[in-house]
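Notes to accompany the following structure.
The values are calculated or read from the model by the stated rules, or taken from the named source; none is laboratory data. Treat the numbers as computed from the prediction; the structure is a model and nothing was measured. As a convention, Cβ positions derive from the backbone with ideal geometry for all residues, glycine included, and neighbour counts pool all protein chains shown. When the accessible area is computed, the model is the full protein with side chains, heavy atoms only, and any ligands, DNA or RNA have been set aside. Shrake-Rupley method; radii C 1.70, N 1.55, O 1.52, S 1.80 Å.
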Amino acid sequence: MKILGIESSCDETAAAVVEDGRRLLGAAVASQIPEHRVYGGVVPEIASRRHVENIIPVVEEALARAGLGFPQLDGLAVTYAPGLIGALLVGVNFAKGLSLSTGLPLIPVHHLRGHIASCYLSHAQLQPPFLCLVVSGGHSHIVAVEDYTRLRILAQTRDDAAGEAFDKAARAMGIPYPGGVELDRLAEEGDENAYAFPRPRVAGAPLDFSFSGLKTAVLNLLNGARQRGETIPVPDLCASYRKAVVGYLVDHFLRCARETGMHTLAVAGGVSANRLLRRELQRLCGEAGYRLYLPELSLCGDNGAMIASQGYYEYQSGHVAGMDLNAYAQRSIELG
Ligand code: KG4
Ligand code: ZN
């Protein structure tokens with residue numbers, strides 16, 4: 001079964017064709033990052049307009065790379081939640097029009113479920129049940145993936161997402177948007193023991209996350225140094241901060257694995273590209289004897305293939321939509 005996946009929830013217009021949820025046949029993406037960089041973050045109105053301009057060429061390119069036309073497809077999967085509402089609506093309305101004109105079934109896909117599917121594309125042997133750390137620019141969850149379309153949130157952030165915590169700290173250090181990637185690169189050259197950060201705790205929910213205090217600690221450090229006329233070596237601050245954020249994520253994730261007895265682990269979302277997060281999990285899962293599945297680097301960020309892959313499993317469970325499909329800025333991963 002060949003499914004075209006369409007993604008437009010944030011600043012990437014992406015499309016791909018995937019066969020039977022696992023085999024990538026062709027993909028294309030138009031990134032808007034350079035345009036949003038001058039504003040220090042994604043400008044929703046600009047994002048929507050660029051999606052409108054890019055969606056047809058991106059879909060045509062993905063189909064051309066797959067060597068397929070609409071008659072050879074079996075379904076259209078589209079990200080319908082969560083994300084920037086104007087951006088999501090471009091993909092949803094385009095997919096609805098395409099479904100109406102081609103007669104192909106319309107399959108709504110939750111963006112974070114899509115991120116998890118990037119692990120199915122990267123590892124043919126990975127099947128539920130497993131525990132997944134979902135860390136993106138907008139969300140941080142630990143999820144029990146009981147089945148392809150039955151997911152349970154075991155822990156989540158109470159404020160900023162992990163990606164946001166990286167981006168906001170990077171911005172305070174003068175690193176351009178999206179700072180998480182560059183912070184990770186600079187951290188490789190820094191001293192991770194140069195600065196100490198507090199370990200945040202959420203009262204009554206020991207596995208939940210809170211990142212806002214860590215971000216404030218960076219701001220206080222930078223402001224204090226500025227007032228004293230000192231300069232802080234940015235690579236050292238990047239390395240120390242990355243160690244604090246990654247240590248926090250890894251601790252909670254492994255504690256969750258021990259408590260649930262689920263020893264097959266996966267990571268998904270943009271932050272799954274983080275070098276230290278990958279290294280630390282590989283080391284600690286190796287020691288504990290847990291199986292670890294990381295997405296290929298090319299599939300960590302937003303892409304169409306992950307939507308097409310999850311779309312296959314949603315379709316198998318009977319999740320199809322009609323012309324009344326809407327987009328939602330927020331929606332739980334449990335609801336799909
Ligand atoms: O999943 P994603 O591409 O978009 C959302 O669904 O939000 O995630 C983007 C986030 C951004 O916050 C970006 O800074 C972060 O992932 N990110 C990283 C790295 N690569 C991307 N954060 C830390 N280290 C990285 N290597
Ligand atoms: Zn994403």
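General remarks:
- Alpha-carbon Rg with Dmax, taken over region 206-260, Å: 14.6, 50
- Cross-link partners of LYS96 among lysines, defined as those whose alpha carbon lies under 26 angstrom from its own and excluding same-chain residues fewer than eight positions apart: LYS2.
- Square roots of five times the Cα gyration tensor eigenvalues for the chain, Å: 34, 23, 16
- Cα-based convex hull volume of region 128-298 per residue, rounded to whole Å³: 113 Å³
- Per atom type, region 128-298 shows carbon and sulfur on 48% of its accessible surface, probed at 1.4 Å.
- Cα-based equivalent ellipsoid, region 37-90: semi-axes from gyration tensor eigenvalues, Å: 27, 14, 8
- Cα gyration tensor shape of region 27-166, rounded if a/c is under 1.5, else prolate or oblate by comparing a/b with b/c: oblate
- Its Cα centre serving as origin, the chain has a Cβ charge dipole (Lys and Arg +1, Asp and Glu -1) of approximately 500 debye.
- Based on C-alpha pairs under 8 angstrom that are at least 6 apart in sequence, the chain has a relative contact order of 27 percent.
- For the chain, the solvent-accessible area of protein heavy atoms averages 41 Å² per residue (probe radius 1.4 Å; ligands and nucleic acids excluded).
- When the charge dipole of region 43-148 is built from unit charges on Cβ atoms (+1 for Lys and Arg, -1 for Asp and Glu) and taken about the Cα centre, the candidate among VAL143, HIS111, ILE56 whose Cα reaches farthest toward its positive end is ILE56.
- For LYS243, the lysines whose Cα comes closer than 27 Å to its Cα, not counting residues fewer than 8 places off in the same chain, are LYS168, LYS215.
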